[in-house]
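Contents: one structure, followed by commentary.
The values are calculated or read from the model by the stated rules, or taken from the named source; none is laboratory data. No experiment lies behind these values; they were computed from the predicted model shown. Neighbour counts are summed over all protein chains in view; Cβ atoms, including those assigned to glycine, are modelled from backbone coordinates with ideal geometry.
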Amino acid sequence: MAMIITKQILRPSSPTPQAFKNHKLSYLDQIQAPIYIPLLFFYKNEESKYPDQISQRFKQSLSEILTIFYPLAGTMRHNSFVDCNDRGVEFVEVRVHARLAQFIQDPKMEELKQLIPVDCISHTDDDFLLLVKISYFDCGEVVVGVCMSHKIGDGISLAAFMNAWAATCRGESSSEIIHPSFDLALHFPPKDHLSSASSFRVAIAQENIMTKRLVFDREKLEKLRKRIAASSDGVRDPSRVEAVSVFIWKSLIEAHKAESHMTETPAVSIASHAVNLRPRTVPQMDQTFGNCYAPASAVVSWDEDYVHHSRLRAALREIDDDYINKVLKADNNYLTQDQIGDLFKPENSVLSSWWRFPVYKVDFGWGKPVWVSTTTIQYMNLIIFTSTPSEDGIEAWVTTTHNFFQVLQANYNKLDT
């Protein structure tokens, strides 16, 4: 379906100064899994009928923005620091003989994965930290696929980079672009001799799991919020993310109970939500690049009749400046690799909200994307929330087994009754 036009390495347009050659990882970076974060940006663009004319703009602007986001063009060293050696990023352009509509109207994960530059599996220190794939469609559409190492940054960091790259492509100068701060290690000091997060590899190796999307439009979200507010453990005015999180968590617990037939020995299920720390610190760290988040976890026993909505809300609100100061303790034992690895056990759910990330502002000069999506990251019961194109709904990308998803789909269908 796709034909490679070019594959090359793009380096920063000017050398990284010697003073910035070593980018130290923070402790929160060190404990991340060595995987890639994938994002796809879909554009309808008459100008792209002539890919040669915009290819140079893509490449030139990417080289220019790498002088600001210089760690992305470096090499990971021993889960300790990034050697900012201007190695570069992988850049691939392909011609796709298909219509963009077939990817957007009924997205199939196997087709979406063809648009990203690399499989989102474990990577090594020798692999690129950023890879880009530009797909030119026959009728003028363009898809920009990016994969960034999770060892160097989170979803917000990737969104910040994409907006800065797009602004550069539009012709904005360096002084007009918001520059990131690479000082996360000062706030979350690293540990010496901490190996990469090997505890995640078992989770990645899960077989027979798949990723599918459920779309919660404004109407469905309001139904969910009202149901939670009216329940015996209801919370007043639940957020949209809280409502969808509890709905999916409850459905996956139901599926796990049915499959395990565990009736004698109560077990627990943990829902862990990734919480952005940037706005919760004093002072705030809005422009900080890196893995500036921590998990907020709620626990229920399988012998309980319902999921406690208030527990999830309490867990999310627990993460404040006092909590963050605990994480900042010198011994850094408050959050460990083993603790994070335990969250990915099959009976648990890990949720990450990218909802209302500024990804729909990524305009390279021919308009905003008509759709932004992710692809699969092979973790059992991993749920990623993204915005619908209207930005008032939530797309839930759920990675689980076929049987588990059937239970979730059945409960989802009931929302229309």
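Here are the numbers for the structure shown:
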{"item": "Strands (runs of 3 or more DSSP E) contained entirely in segment 344-404, each with at least 2 residues that are over 22 Å from residue 43 (Cβ atoms) and in contact (Cβ under 8 Å) with a residue 60 or more places away in the chain", "result": "349-353, 382-387, 394-401"}
{"item": "Pairs where the first residue, in segment 78-94, is acidic (Asp, Glu) and the second is buried (at least 21 other Cβ atoms within 10 Å of the Cβ) and assigned to a loop (DSSP other than H, G, I, E, B), C-beta under 9 Å, 6+ apart", "result": "83/74; 86/12; 86/66; 86/74; 90/117; 90/128"}
{"item": "Residue 336 being in the same structural domain as residue 211 (by TED's automatic domain parsing), of a type in the set (Val, Ile, Thr) and within 22 Å of residue 116 (Cβ to Cβ)", "result": "no"}
{"item": "Hey, residue 75 closer than 30 Å to residue 341 by Cα and either within 24 Å of the chain's Cα centre (by Cα) or not assigned by TED's automatic domain parsing to the domain that holds residue 163 (or both) or not", "result": "yes"}
{"item": "Strands (runs of 3 or more DSSP E) contained in segment 1-97 and holding at least 3 residues surrounded by fewer than 18 Cβ atoms within 10 Å (Cβ to Cβ)", "result": "2-10"}
{"item": "Options 60, 102, 53; residue that is at pLDDT 95 or above and not aliphatic (A, V, I, L, M)", "result": "60"}
{"item": "First in segment 311-325 and closer than 16 Å to residue 250 by Cβ and in contact (Cβ under 8 Å) with a residue 40 or more places away in the chain, second anywhere and acidic (Asp, Glu) and surrounded by 12 or more Cβ atoms within 10 Å (Cβ to Cβ), Cβ under 8 Å, 6 or more apart", "result": "312/242; 313/242"}
{"item": "Residue, modelled with the highest pLDDT, within segment 312-343, restricted to residues that are closer than 13 Å to residue 296 by Cα and part of a loop (DSSP other than H, G, I, E, B)", "result": "319"}
{"item": "Filtered residue count, segment 236-252, keeping only those that are out of contact with any Lys or Arg (no Cβ under 8 Å at 6 or more places or on another chain) and within 13 Å of residue 311 (Cβ to Cβ)", "result": "4"}
{"item": "Unmet requirement for residue 228, which otherwise passes all of (1) buried (at least 16 other Cβ atoms within 10 Å of the Cβ); (2) assigned to a helix (DSSP H, G or I); (3) modelled with pLDDT of 90 or more", "result": "(3)"}
{"item": "Selected residue [among the polar types (S, T, N, Q) and touching a His at 6+ places or on another chain (Cβ under 8 Å)] from 387, 352", "result": "352"}
{"item": "Residue ID - surrounded by the most Cβ atoms within 10 Å (Cβ to Cβ), chosen from residues in segment 231-272 that are among the polar types (S, T, N, Q) and at pLDDT 90 or above", "result": "245"}
{"item": "Scan of segment 193-219 for residues that are within 21 Å of the chain's Cα centre (by Cα) and modelled with pLDDT of 90 or more, ordered by number", "result": "210, 211, 212, 213, 214, 215, 216, 217"}
{"item": "Residue ID - surrounded by the most Cβ atoms within 10 Å (Cβ to Cβ), chosen from residues in segment 176-199 that are aliphatic (A, V, I, L, M) and in a helix (DSSP H, G or I)", "result": "184"}
{"item": "Helices (runs of 4 or more DSSP H) (entirely within segment 99-175) containing at least 1 residues that are touching a Pro at 6+ places or on another chain (Cβ under 6 Å), in the same structural domain as residue 37 (by TED's automatic domain parsing) and surrounded by fewer than 22 Cβ atoms within 10 Å (Cβ to Cβ)", "result": "155-170"}
{"item": "Subset of segment 285-308 (residues that are outside any strand (DSSP E or B) and at pLDDT below 90)", "result": "302, 303, 304, 305, 306, 307, 308"}
